[in-house]
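Only one structure is covered here, and it is reproduced in the block below.
The values are calculated or read from the model by the stated rules, or taken from the named source; none is laboratory data. Note that the coordinates shown come from a computational prediction; the quantities given were computed from them, not determined experimentally. Methodologically, a virtual Cβ is constructed for each residue, glycine included, from the backbone with ideal geometry; neighbour enumeration extends over all protein chains shown. The area values use the complete protein model at the heavy-atom level, side chains included, leaving out ligands, DNA and RNA. Shrake-Rupley method; radii C 1.70, N 1.55, O 1.52, S 1.80 Å.
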Amino acid sequence: MSFKVNTLSPVLGAEVTGLDLGQTLGANLVNDIRQSWLDAGGLLVFPEQKLSTEQHIAFSSAFGPLFGAPGQPPLQETVSRYLHPEHPEIYRVSNKVENGEPQGRDRAGTYWHSDVSFRECPPTASILHAIEIPGTGGDTMFTNMTAAYDALSDAMKEMLAPLRAQHDFAQTAATQFAERLVVEDDLHGRNRAVHPVVRTHPETGKKGLFVNPGMTTGLEGFDRQESDAILGFLYAHATRPEFIYRHRYRQGDVVMWDNRSLMHYAVDDYGDQPRYMERTTGIGDRPV
Ligand code: SIN
């Protein structure tokens, strides 16, 4: 099997055609896909795939261990009710309800974030399979945190170099979850971590910003006003249109993004139209 790569935007993303992700991919092919992914800034789209949940997991596992896989830590307690009942590797993002049971987390990630950045070892790739999409709307936006970092002045880069930021699920819980849904254990330090504000990507060696409004609570050593001002500037800078690619789904699209170098945002503009996505989340390294 061979594939073609078409660039999707100047700053980020490529579409890969010619591959059936339901097939077993050999090690060489997996390496080539990984390289294309890194070359595309950490975002690949595999259009209109017909994948079972098992095939989605098998494809994702080729890139490393997954949260929820046998012997691996779960993604997170609070979201465990949204995991696939037979496949704990699969986080379901869905507004569908069947027999009174939500079929996933409704409108997950409608804010800029990098998945579960409050973990000590936050994720590598998230791989989302678009199973049911609205007639219009329900796009996901991605912003390139490496390009955003590169565009900063040398003086700003120097200031940011030694800084560290706290990431805490409590922030996400307070702003994104109804109180009754949050599992208390998730708020007692298990989902809190301090990471460098500028991290070096372990595979490309490139530096990028690693803070996000959904999960970063503050900068170490700064008072609240100072921290809010610096982070506020970084968020406004990193979400400038020239750093963003916005993906409009076709049914079956598989989107693979790199949480180490991107933030993403699920656009909530589709009202009651059904939207059902299944996502795997790869376990990453401690950011440095
Ligand atoms: C997420 O944040 O992983 C959800 C993305 C989406 O549903 O578009």
Q: Hey, could you check the stretch 95-121 for residues that are at pLDDT below 95 and small (G, A, S) and say which is surrounded by the fewest Cβ atoms within 10 Å (Cβ to Cβ)?
A: G100
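Residue under question is Q35, and the condition is that it be surrounded by 14 or more Cβ atoms within 10 Å (Cβ to Cβ), at pLDDT 95 or above and at negative phi; does it hold?
Values: surrounded by 14 or more Cβ atoms within 10 Å (Cβ to Cβ): no; at pLDDT 95 or above: yes; at negative phi: yes.
No: the conditions fail for Q35.
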Q: Would you mind stating whether D285 is more than 19 Å from T7 (Cα to Cα), away from the ligand (no atom under 15 Å from the Cβ), among the acidic types (D, E) and modelled with pLDDT of 95 or more?
A: yes
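Condition (residue is among the charged types (D, E, K, R), over 19 Å from H237 (Cα atoms) and buried (at least 24 other Cβ atoms within 10 Å of the Cβ)) applied to the stretch 135-145: is it met by at least one residue?
So far as the stretch 135-145 goes, no, none of its residues is among the charged types (D, E, K, R), over 19 Å from H237 (Cα atoms) and buried (at least 24 other Cβ atoms within 10 Å of the Cβ).
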Q. Is it the case that R279 is over 18 Å from the mean Cα position of the chain (by Cα), at pLDDT 95 or above and open to solvent by 10 Å² or more (accessible area, probe 1.4 Å)?
A. no
Q) What number of residues within the stretch 94-135 are within 12 Å of the ligand (Cβ to nearest atom) and under 21 Å from G64 (Cβ atoms)? A) 11
Q. Do you know which residues across the stretch 136-172 are farther than 24 Å from E220 by Cα and within 16 Å of the ligand (Cβ to nearest atom)?
A. T136, G137, G138, D139, T140, M141, F142, T143
Q. Quick one: what pairs do we get from the stretch 263-288, first residue closer than 25 Å to P70 by Cβ and part of a strand (DSSP E or B), second open to solvent by 10 Å² or more (accessible area, probe 1.4 Å) and more than 15 Å from the ligand (Cβ to nearest atom), C-beta under 6 Å, 6+ apart or different chains?
A. G282/F63; G282/G64
Q. Which residues, taken from the stretch 1-28, are among the polar types (S, T, N, Q) and in a loop (DSSP other than H, G, I, E, B)?
A. S2, S9, Q23, T24
Q: Restrict the check to the stretch 267-275 and report whether at least one residue is open to solvent by less than 70 Å² (accessible area, probe 1.4 Å), of a type in the set (A, V, I, L, M) and within 16 Å of the ligand (Cβ to nearest atom).
A: yes
Q. Among the residues of the stretch 152-166, which ones are open to solvent by 80 Å² or more (accessible area, probe 1.4 Å) and within 13 Å of P196 (Cβ to Cβ)?
A. P162, R164
Q. Given the residues T175, T217, T204, which is the only one that is away from the ligand (no atom under 13 Å from the Cβ), β-branched (V, I, T), farther than 24 Å from H129 by Cα and at pLDDT below 95?
A. T175
(Q) Taking the criterion of being of a type outside the set (G, A, S), within 27 Å of T216 (Cβ to Cβ) and either surrounded by fewer than 19 Cβ atoms within 10 Å (Cβ to Cβ) or in contact with a Gly (Cβ under 9 Å, 6 or more places away or on another chain) (or both), would at least one residue in the stretch 53-62 satisfy it? (A) no
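Evaluate the stretch 18-40: report whether one residue or more is in contact (Cβ under 8 Å) with a residue 12 or more places away in the chain, among the hydrophobic types (A, V, I, L, M, F, W, C) and more than 25 Å from Y245 (Cα to Cα). Spell out the reasoning first.
Just the residues of the stretch 18-40 that are in contact (Cβ under 8 Å) with a residue 12 or more places away in the chain, to begin with: 18-25, 29-30, 32-34, 36-40.
Now drop any that are not among the hydrophobic types (A, V, I, L, M, F, W, C), which leaves 19, 21, 25, 29-30, 33, 37-38, 40.
Checking which are more than 25 Å from Y245 (Cα to Cα) leaves us with 25, 29.
Yes, the stretch 18-40 has at least one match.
Inside the stretch 29-60, can you point out the residues that are part of a helix (DSSP H, G or I) and charged (D, E, K, R)?
So the first thing to find is which residues in the stretch 29-60 are part of a helix (DSSP H, G or I), and the list is 29-39, 53-60.
Within the stretch 29-60, D32, R34, D39, E54 qualify.
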Q) Within the stretch 65-77, how many residues are under 14 Å from D115 (Cβ atoms) and of a type in the set (G, A, S)? A) 1
Q) Of all residues in the stretch 38-52, which are of a type in the set (G, A, S) and surrounded by fewer than 17 Cβ atoms within 10 Å (Cβ to Cβ)? A) S52
Q: Please work out if R92 is in contact with a strand residue (DSSP E or B) (Cβ under 7 Å, 6 or more places away or on another chain) and free of Cβ contacts under 8 Å to residues at least 40 places away in the same chain.
A: no
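Considering only the stretch 249-288, how many residues are basic (K, R) and under 20 Å from Y82 (Cβ atoms)? Break it down into steps so the answer makes sense when it comes.
Pass one, the stretch 249-288, residues basic (K, R): 250, 260, 275, 279, 286.
Filter once more, so that each one left must be under 20 Å from Y82 (Cβ atoms): 275, 279.
Of the residues in the stretch 249-288, 2 are basic (K, R) and under 20 Å from Y82 (Cβ atoms).
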